[in-house]
Each structure stands twice: as structure tokens, then as C-alpha cells.
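Every number in this text was worked out from the coordinates using simple rules, so none of it is lab data. Everything numeric in this text was worked out from a predicted model, so none of it was measured. Counting neighbours? That spans all protein chains shown, and the Cβs are built from the backbone with ideal geometry, glycine included.
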Amino acid sequence: MIDIRKIRVVPDFPDAGIQFYDITTLLNDANAYEQVFLSLLDTAKQIQPDVIVALESRGYYFGPAIALNLHLPFVPIRKKGKLPFTTYQECYNLEYGQAEIEIHTDAMNKGLSVLLVDDVLATGGTARAACKLLQRFKPRALSTLFLLELKDLHGREQLSGYPVHTLLSV
């Protein structure tokens, strides 16, 4: 069982009124990190994707390792201006502002089963924008996988039509 107490809650970060779930405390505990990783890996195995995609930056704590363990390609989704080649872009709203993410236009073939990995599902804005980006590749299937879901922020509703898998919900 994954211990939610391993995740530190930081009040008023990055803005007043935001409760930020900081997973660096979990990452600092090798046993807890391994337990989370193995649970995410087990879920990914059950989904049977063709490619793993993760969101910058904290999705990168899990996505590349899942891809390596499953011997699958890894595709990064990055913040605007960080990718060196032609990209697709998508704007979205955060709890505390607006942002844009990008993916290379040649990141993957069409018709694949895609698994999108990130650390926390909060309002769902980032994940929804990522799903919109991934739809440009006409995936055969598109699933999402998160370590933590903040249920009161209703992010799952933003991902209607996509399977949502989470290890913890608060």
C-alpha cells in the first residue's frame, strides 16, 4: 500500500489558496519511490500501450522508466519553446494561470495505443491539453496514468472519454 503521508502538502504554492502536492518527499524515500514505480509499471503492463508519453516535468520521474522497463518508445510533452523541431501546440488553463505545451509533429506514428503518464491529476487542464495534442496522431487507444488524483478539483471530468488510472486519490 502506498502511503499518502510520503507526499508533502505545501500551502499557498505557487499562489495563495493552492495546496501543492510535492512528491519530492516520496522520491527521497527509495522504498516508497520503488513501490510507486512498480505500481505504475504494473498498471501500464495491464494497459498494454505501444508508446509511453509523459508531461514535463514531473511526469518524467516515471514515464521514461516505465517505457524502458516495457521496452517501448518514450515521447516527451514539453512546455512551450523547449522542443527543437516542428511542434503541435496546445494552450490550457492551470489552477493559477495559463500555459502551453508542445509535442514534436513526428513524435509517433498514427494508430498506436498511447499511455499518458503524469504525477498529479488536479484540474485536468494539462492532461486534457496533452490528450488534444495526442489526438493529432489518431491513436487507436489513449489512456492516462497518474500517481495522485485530487478529487475535489474534478480533473477526471476534463478527461471524459479517456480511461483514467490513478494509484492514490485524496
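Segment 1-71 and segment 130-169 have Cα centres separated by 15 Å. Normalised by residue number, the volume inside the convex hull of the Cα atoms of segment 61-155 is 102 Å³ per residue. Assuming charge only on the beta carbon of Lys and Arg (+1) and of Asp and Glu (-1), the dipole of segment 4-169 about its Cα centre is about 440 debye to the nearest 20. When the convex hull of its Cα atoms is viewed from all sides, the chain shows a mean projected area of 9.4 nm².
Could you tally up the Lys pairs in the chain with alpha carbons closer than 26 Å? Skip any pair fewer than 8 positions apart unless they're on separate chains. So the count of such lysine pairs works out to 19. Note on segment 55-113: Cα-Cα pairs beyond 15 Å make up 58% of the total pair count.
Using +1 at the Cβ of each Lys and Arg and -1 at the Cβ of each Asp and Glu in the chain, identify which of H154, P49, F62 lies farthest towards the dipole's positive end. Working it through, the farthest residue towards the positive pole turns out to be P49. Excluding the site residues themselves, the longest part of the chain lacking any trypsin sites (Lys or Arg not before Pro) in a DSSP loop with at most 16 other Cβ atoms within 10 Å is 1-79.
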